[in-house]
1. Would you confirm whether or not region 122-137 contains a residue that is assigned by TED's automatic domain parsing to the domain that holds Q23 and surrounded by fewer than 17 Cβ atoms within 10 Å (Cβ to Cβ)?
2. Among I356, I389, I374, which is at pLDDT 95 or above and not in a strand (DSSP E or B)?
3. E209 versus (1) surrounded by fewer than 18 Cβ atoms within 10 Å (Cβ to Cβ); (2) at pLDDT below 95; (3) assigned to a loop (DSSP other than H, G, I, E, B): which is the lone unmet condition?
4. Here are the criteria: (1) part of a loop (DSSP other than H, G, I, E, B); (2) under 28 Å from G311 (Cα atoms); (3) at pLDDT 85 or above. Tell me which single one K247 does not satisfy.
5. Please go through region 118-135 and give me each residue that is touching a residue at least 12 places away in the same chain (Cβ under 8 Å) and either part of a strand (DSSP E or B) or among the small types (G, A, S) (or both), ordered by number.
6. Restricting to region 79-99, and then to whatever is modelled with pLDDT under 90 and farther than 18 Å from I394 by Cβ, can you tell me which residue is nearest to the chain's Cα centre (by Cα)?
7. Can you tell me which residues in region 315-353 are of a type outside the set (V, I, T), touching a residue at least 60 places away in the same chain (Cβ under 8 Å) and in a strand (DSSP E or B)?
8. I need the full set of residues from region 269-305 which are part of a loop (DSSP other than H, G, I, E, B) and either among the acidic types (D, E) or not assigned by TED's automatic domain parsing to the domain that holds A227 (or both), in order please.
Amino acid sequence: MKKVVVGLSGGVDSSVAAYLLQQQGYEVIGLFMKNWHDDSVTISKECPWLEDSNDAMMVADKLGIPFQTVDLSEQYKERIVDYMFREYERGRTPNPDVLCNREIKFDVFMKIALSLGADYVATGHYCRKAEVTKDGETYYQLLSGKDQNKDQSYFLCQLTQEQLSRTLFPIGELQKSEVRKIASEQNLITADKKDSQGLCFIGKVRLPEFLQQKLQPKEGVIVEIDANKEVYATAAPAHDSKMEELKHLSKKYRYAVTDGKVVGKHQGAHYFTKGQRKGLAVGGTPEPLFVIETDVDSNVIYTGQGKDHPGLYRKALFINNEEVHWVRPDLRINEGEELKVKARIRYRQPLQDATIYPTGNGTYIVFEEPQASITEGQFVAWYLEDELIGSGVIS
């Protein structure tokens with residue numbers, strides 16, 4: 001019998017993952033990750049991790065599998081929380097869920113599981129794994145989940161071949177409704193439990209309050225930029241080289257306070273992100289204001305009216321070399337080559353047609369259609385059909 005450690009989170013997905021593995025004849029161990037115990041930043045008095053760990057324990061009990069809790073809060077603070085503060089300080093918007101998978105679940109947690117003699121680690125993610133053999137080498141594929149509405153492959157876009165080789169995704173072939181049905185039939189306490197909404201494993205956290213612990217509030221101005229500004233109207237210049245064209249397409253709009261009118265005040269540019277609409281507290285405009293750019297150095301937020309404001313859209317993005325990651329290293333392309341892919345810049349975004357261009361200093365991704373709110377610090381993931389083959393941090 002192969003031994004599998006399941007990351008039991010106290011939710012229905014990981015509960016059913018454990019049950020299915022047991023049915024398939026694996027020796028299953030349940031492990032709950034405690035990643036946080038600074039209650040000063042959770043919203044409510046309820047202690048989400050305590051409730052979740054109790055639910056996980058009851059599921060393990062019901063299935064008759066060994067269970068224990070591992071405290072990873074020190075590593076979580078170091079690798080996720082401190083990273084988040086650093087990124088927000090730089091005016092970038094990190095994705096803690098992608099990082100949590102790369103740094104915690106499939107690294108620290110996986111090492112603990114393997115040290116317990118496990119052959120595999122399993123999670124309740126909606127994605128699938130397959131393998132292909134090429135020139136005698138085996139490569140592991142990360143495929144999107146069968147439930148298109150729940151597909152979570154994007155959150156795993158930073159996994160390596162080594163990590164995938166040791167991972168199982170038991171519910172990847174199922175629809176969410178089928179997962180709930182199995183949980184009900186097995187009388188698992190998590191069958192009707194709502195999906196968690198919160199920072200990966202921290203629970204319910206108010207982001208601005210969370211950030212305010214480290215990043216001091218600092219008053220600045222909110223500037224509104226008119227959609228008819230000439231900066232948006234200039235026709236694309238003729239380019240002498242592909243490189244010039246790529247640089248032009250991925251270039252951010254640059255603004256100065258004098259380009260628009262001051263319409264309000266804010267408490268810190270680093271609390272805001274591109275495309276954000278809530279929290280600006282500026283009324284009286286015909287259409288709602290959206291953040292089109294933040295400038296943390298001069299502490300200014302630039303906004304535009306309506307979700308079609310041209311300042312929100314760009315056709316291309318750039319990734320620095322050290323932040324490009326190929327899940328399938330054998331499919332990596334080299335400088336001077338190009339690859340047509342499907343890509344997304346956020347979870348749940350429908351896949352978009354795009355082309356990848358690696359260059360000496362980094363990789364460009366050019367979309368067929370302009371994309372809204374391309375945000376530095378977030379991850380872009382690219383696919384060939386339903387296989388996620390690579391990702392990178394937007395810079």
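The values are calculated or read from the model by the stated rules, or taken from the named source; none is laboratory data. As the structure is a computational prediction, the values presented were derived from the model and not from experiment. All Cβ positions, even for glycine, are placed from backbone atoms using ideal geometry, and neighbour counts span all protein chains on display.
1. Looking through region 122-137, none of the residues is assigned by TED's automatic domain parsing to the domain that holds Q23 and surrounded by fewer than 17 Cβ atoms within 10 Å (Cβ to Cβ).
2. I374
3. (3)
4. It is condition (1) that K247 fails.
5. Residues satisfying the conditions are A118, Y120, V121, A122, G124, C127, R128, K129, A130, K134.
6. Per the criteria, the residue is I80.
7. K315, A316, L317, F318, N320, H325, W326, R344
8. Answer for region 269-305, where residues must be part of a loop (DSSP other than H, G, I, E, B) and either among the acidic types (D, E) or not assigned by TED's automatic domain parsing to the domain that holds A227 (or both): E287, D297.
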